[in-house]
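**Q** Let me begin by handing over the structure; questions about it come next.
The values are calculated or read from the model by the stated rules, or taken from the named source; none is laboratory data. For clarity, every value in this text was computed on a predicted model and none was experimentally measured. Cβ atoms come from the backbone with ideal geometry, glycine included; neighbour counts cover every protein chain shown.
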Amino acid sequence: MRSYTPAERRERARLVLRGSRQAIADADTSRFDAQIERLDAKAEERGALEVAVMRREVATVEQAAATARAQERLAPRSERAAARKARQEADREAARVRKQARRYGI
């Protein structure tokens with residue numbers, strides 16, 4: 001997954017436009033191609049880091065939800081309602097994070 005900054009998006013669009021003009025004129029486009037490849041490489045690296053962080057976040061909230069389920073099962077009768085509320089909140093948070101991660105194909 002590539003993750004471009006807004007400035008990189010603008011720069012890439014500018015380079016593609018200028019490169020396509022050069023290609024139409026049957027001129028050398030290697031300079032533009034090299035710059036686009038460098039931008040793509042930086043975006044790919046940034047995207048890989050973001051994916052790794054997202055996967056860690058999903059694992060963290062899933063672990064928290066599992067912990068909340070176990071605490072609900074082990075809670076004494078007098079504390080079970082509070083434990084159930086905590087488990088439900090943890091499940092909602094885990095579902096929210098998983099949904100956000102799916103948007104990015106994780």
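**Q** In the range 93-106, how many residues are free of Cβ contacts under 8 Å to residues at least 60 places away in the same chain and surrounded by 11 or more Cβ atoms within 10 Å (Cβ to Cβ)?
**A** Going through the range 93-106, the residues free of Cβ contacts under 8 Å to residues at least 60 places away in the same chain turn out to be 93-103, 106.
Imposing the further condition that a residue be surrounded by 11 or more Cβ atoms within 10 Å (Cβ to Cβ) reduces the set to 93-98, 100-101, 106.
The qualifying residues number 9.
**Q** Can you tell which of ARG103, ARG56, ARG84 is out of contact with any strand residue (DSSP E or B) (no Cβ under 8 Å at 6 or more places or on another chain) and modelled with pLDDT under 95?
**A** Numbers: ARG56 fails: modelled with pLDDT under 95; ARG84 fails: modelled with pLDDT under 95.
On inspection, the qualifying residue turns out to be ARG103.
**Q** On to the next question. Please pick out the residue among ALA41, ALA27 that is loosely packed, with under 12 Cβ neighbours inside 10 Å and either modelled with pLDDT under 95 or not in a helix (DSSP H, G or I) (or both). Step through it out loud before you land on a result.
**A** Values: ALA41 fails: either modelled with pLDDT under 95 or not in a helix (DSSP H, G or I) (or both).
Exactly one of ALA41, ALA27 is loosely packed, with under 12 Cβ neighbours inside 10 Å and either modelled with pLDDT under 95 or not in a helix (DSSP H, G or I) (or both), namely ALA27.
**Q** Pairs needed: first member in the range 65-82, closer than 13 Å to GLU93 by Cα; second member anywhere, among the charged types (D, E, K, R) and in a helix (DSSP H, G or I); C-beta distance under 8 Å; at least 6 residues apart or different chains.
**A** ALA65/ARG87; ALA65/ASP91; ALA65/GLU93; ALA68/ARG87; ALA68/GLU89; ALA68/ASP91
**Q** When you scan the range 1-24, how many residues do you find that are in contact with a helix residue (DSSP H, G or I) (Cβ under 8 Å, 6 or more places away or on another chain), more than 28 Å from ARG102 (Cα to Cα) and either β-branched (Val, Ile, Thr) or not in a helix (DSSP H, G or I) (or both)?
**A** 1
**Q** If you check ALA52, ALA86, which single one turns out to be part of a helix (DSSP H, G or I), closer than 30 Å to SER3 by Cα and without any contact (Cβ under 8 Å) to a residue 60 or more places away in the chain? Reasoning before the result, please.
**A** Details: ALA86 fails: closer than 30 Å to SER3 by Cα.
Just one listed residue meets the conditions, ALA52.
**Q** Could you say which residue among ARG80, ARG69, ARG73, ARG96 is in a helix (DSSP H, G or I) and within 25 Å of the chain's Cα centre (by Cα)?
**A** ARG96 is the lone residue from the list that is in a helix (DSSP H, G or I) and within 25 Å of the chain's Cα centre (by Cα).
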